[in-house]
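K.L.:
First, the structure itself, so that you have it in front of you.
Quick note: the coordinates plus some simple rules give every number you see, no bench work behind them. Note that the coordinates shown come from a computational prediction; the quantities given were computed from them, not determined experimentally.
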Ligand SMILES: [Zn+2]
C-alpha cells in the first residue's frame, strides 16, 4: 500500500473514532482531509469510506446516530441527518 492510501486509511480510522466520541466536527475535518489526499493522488476512496461518509456535508455516518439505514428494492438507502441520501446495491 502506498503512503497516500495508508494516510487515507488512518484518516478514516480517526474520523470513525471522532464520530464515536461525539465529535462530529472533528470527524468531518478528517473526512475532508482524506478526500483531499485521495484527490491529490488520484486515488479512489475505499468502499467502506464512501459508504460511511456523506457526499453532501462530509459527515462520518453512524447508523442510528446521525444516519438512517433502510432497505429498499434490493438497495441499501442511507440518509444523512443533512437530508442527503445515498443508495447502494445490497450485498
Ligand atoms: Zn450529510
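K.L.:
Which angle from 0 to 90°, rounded to the nearest 10, does the C-alpha axis of helix 3-20 make with the longest principal axis of the chain?
P.N.:
The angle comes out at about 50 degrees.
K.L.:
Mean separation of Cα pairs under 8 Å and 6+ residues apart, divided by the residue count of the chain: what relative contact order is that in percent? All intermediate terms of the calculation are to be shown ahead of the outcome.
P.N.:
Values: 111 pairs, mean separation 18.3, N = 91.
Here the relative contact order equals 20 percent.
K.L.:
If you average the C-alpha positions of the range 1-16 and of the range 25-47 separately, how far apart do those two centres end up, in angstrom?
P.N.:
Distance between centres, Cα-based: 8 Å.
K.L.:
Who wins for biggest fluctuation among 44, 53, 79 in a Gaussian network model of the chain, springs between alpha carbons below 10 Å?
P.N.:
Sorting by GNM fluctuation, first place goes to 44.
K.L.:
Moving on to the next point. Need one number: the % of Cα-Cα pairs in the chain sitting beyond the 14 Å mark.
P.N.:
62 percent
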